[in-house]
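> Following this message is one structure expressed as structure tokens.
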Amino acid sequence: MENIVLVTGGLGYIGCHTAVRLLNAGYTPIIIDNNSRSPAKILSEKLKSIPTIQACYGDEVIISRLLCKDHELLDGLAPRISRICGVIHFAAYAYVAESFQHPSEYYLNNVNKYITFLGALSRFLPHVPIVFSSSCSVYGQTAHHLAASENQGFKPVSPYGRTKAICEMINGDFSAGYDMNIVSLRYFNACGAWIEEGLGELHDPETHVLPLLIKAAYTSKPFTLHGSDYNTHDGTVIRDFVHVRDLADAHVEALRYLESGVKQRPFCDAYNVGSGNGTSVLSLIKAVEKYTGRPINLVYGDRREGDPEKVVADISRISRDFCWTPKHSKLDNIVMDAIAWYNLNNPTDVRA
């Protein structure tokens, strides 16, 4: 008997790593993705083998047809839908800066469509566990000497962060009202690659700091460091960089936790997923220079709107409940994997 897991946004960066991790763990993922922000180039043979429905997760007609096992839409997958054992929801817009410029689009896509999707699940799959992709951006600024704890409350400083906080509150209401089990995973700074499986970052546009630093090292183009006057040991912001493989593992463990029945319905809770360690952006820059063997042309710029000074995860709760610990998130390992992925996709830059 197959254990089917429905994965929305499964062609995105974290989504595709999790879909392949599910496959390796004995699950059968089925992806829903409209390809609006997913990379056109897929190197992973396993990812190519996963059934994918090209559709918007918030299209009520499509989702209702899907969950009602519409044979025409599913093209032979209909018998599998009745065996769904879990849902992992990644589909969302996730650019902080863009969320300030286009808040309407973020609330529509991340919140309104999520209500539609969750409503369909409550009708057709009310007792199937759900793992929701959230973000450390729900916290905003944390006290300089403290790691972010799940109990500290929401203080988001960007529209993107507010959409995630709102969705978590919606999860609580749906869980209580419709007897559902939902776990939210609050990611910190996802990075790295899974070279053996042909997976890594291919955002367009790319906004994540690590691939931008690697590109700057190989191309000698300027890299703008936004803010060097923060109240930190070297003046740059401190972040918790977590390997994307550890994030993928956390999703599998969250699903197993809900499947185990250790928590009776309704259950709704949130867990941080990070390395538990803070790294300054300047330290990250030095690591990239070390492993590429090339200097970065650094330009100092102003602080960016919505950039907290320090965000580091307290991971004691997820370690306790899921027996999950980060295995791949040492800084050197993250940087070397990201460089190997860049080399694979940009050989001309590396040879230059």
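> Order these by the 10 Å Cβ neighbour count, fewest first: Ile130, Ile195, Ile238.
Listing Ile130, Ile195, Ile238 from fewest to most nearby Cβ atoms yields Ile195, Ile238, Ile130.
> Taking 19 Å as the cut-off for C-alpha to C-alpha distance, list the pairs among Lys155/Lys310; Lys164/Lys330; Lys113/Lys155 that go past it.
Values: Lys155/Lys310 14 Å; Lys164/Lys330 27 Å; Lys113/Lys155 23 Å.
The pairs that break the limit, which is 19 Å between Cα atoms, are Lys164/Lys330; Lys113/Lys155.
> Using a cut-off of 15 Å between alpha-carbon atoms, which aspartates and glutamates can reach Lys263, once sequence neighbours fewer than 8 places away in the same chain are excluded?
Asp179, Glu253, Asp321
> Please report Met336, Met169 as a ranked list, fewest other C-beta atoms within 10 angstrom at the top and most at the bottom.
The most exposed by this proxy come first: Met169, Met336.
> Okay, moving on. Using bins 5 angstrom wide from zero, how does P(r) for the stretch 217-266 break down, in % of all Cα pairs?
Here the calculated profile for the stretch 217-266 is 5, 14, 11, 11, 13, 12, 9, 8, 9, 7, 3, 0.
> Please name which of Asn277, Ala250, Ser228 has its Cα lying farthest along the dipole of the stretch 216-293 towards the positive end, using unit charges on Cβ (Lys, Arg +1; Asp, Glu -1) and the Cα centre as origin.
Result: Ala250.
> Mind checking which lysines have their C-alpha under 17 Å from Lys215, skipping anything on the same chain fewer than 8 residues away?
Those lysines meeting the cut-off are Lys286, Lys290.
> Would you please give the FRET efficiency between Phe124 and Ser49, computed as 1/(1 + (r/R0)^6) with r the Cβ-Cβ distance and R0 = 35 Å, to the nearest 0.05?
That gives a FRET efficiency of 0.85.
> Moving on to the next point. Could you order peptides 179-192, 114-127 by the average number of other Cβ atoms within 10 Å of their residues, highest first?
So the order, starting with the most tightly packed, is 179-192, 114-127.
> Take every Cα pair under 8 Å in the chain that's 6+ residues apart, average their separations, divide by the length, and report that relative contact order as a whole percent. Working shown, then result.
Values: 704 pairs, mean separation 67.7, N = 352.
Rounded, it is 19 percent for the chain.
> Taking +1 at the Cβ of each Lys and Arg and -1 at the Cβ of each Asp and Glu, which of Tyr139, Ser122, Cys191 sits farthest along the dipole of the stretch 107-200 towards its positive end, judged by Cα position relative to the Cα centre?
Tyr139
> A further question on this structure: Tally Lys and Arg at +1 and Asp and Glu at -1 over the other residues with C-beta under 12 Å from the C-beta of Leu284: what net charge comes out?
-1
> Same structure, new question: Taking only DSSP H segments of four or more residues, each worth -39500 (n - 2.57), what value at 222 nm results for the chain once the sum is divided by all its residues, to the nearest 500 deg cm²/dmol?
Theoretical 222 nm ellipticity from helices: -11500 deg cm²/dmol.
> If you average 1/r across every pair of different Cα atoms in the stretch 1-71 and take the reciprocal, what Kirkwood value do you get, in Å?
12.5 Å
> For the stretch 125-184 and the stretch 292-352, compute the distance between their C-alpha centroids and round to whole Å.
After rounding, the separation between the Cα centres reads 23 Å.
> Charges only on Cβ, +1 for Lys and Arg, -1 for Asp and Glu: so what's the dipole of the stretch 169-319 about the Cα centre, in debye to the nearest 20?
Charge dipole of the stretch 169-319: 300 debye, to the nearest 20.
> In which sequence would Asp337, Asp240 go, from the one with the fewest C-beta neighbours within 10 Å to the one with the most?
If I rank by nearby Cβ atoms, fewest first, I get Asp337, Asp240.
> Something else now. Cβ under 11 Å from Asn110's Cβ, Asn110 left aside: what net charge do those residues give with Lys, Arg +1 and Asp, Glu -1?
Neighbour charge sum, excluding Asn110 itself: +2.
> By the scheme Lys and Arg +1, Asp and Glu -1, what is the net charge of all other residues having a beta-carbon under 10 Å from that of Val311?
Numbers: positive: Arg239, Lys310; negative: Asp240, Asp307, Glu309.
Within the 10 Å Cβ shell, the charges total -1.
> So how tilted is helix 244-259 from the main axis of the chain? Cα-based, degrees 0 to 90, rounded to 10.
Long axis of 244-259 versus the principal axis of the chain: about 30 degrees.
Every number here is computed from the coordinates shown, using simple stated rules; none is lab data. On a predicted model such as this, the values are computed, not experimentally measured, just so you know. So basically every Cβ, Gly included, is an ideal-geometry build from the backbone, and we count neighbours across all protein chains shown.
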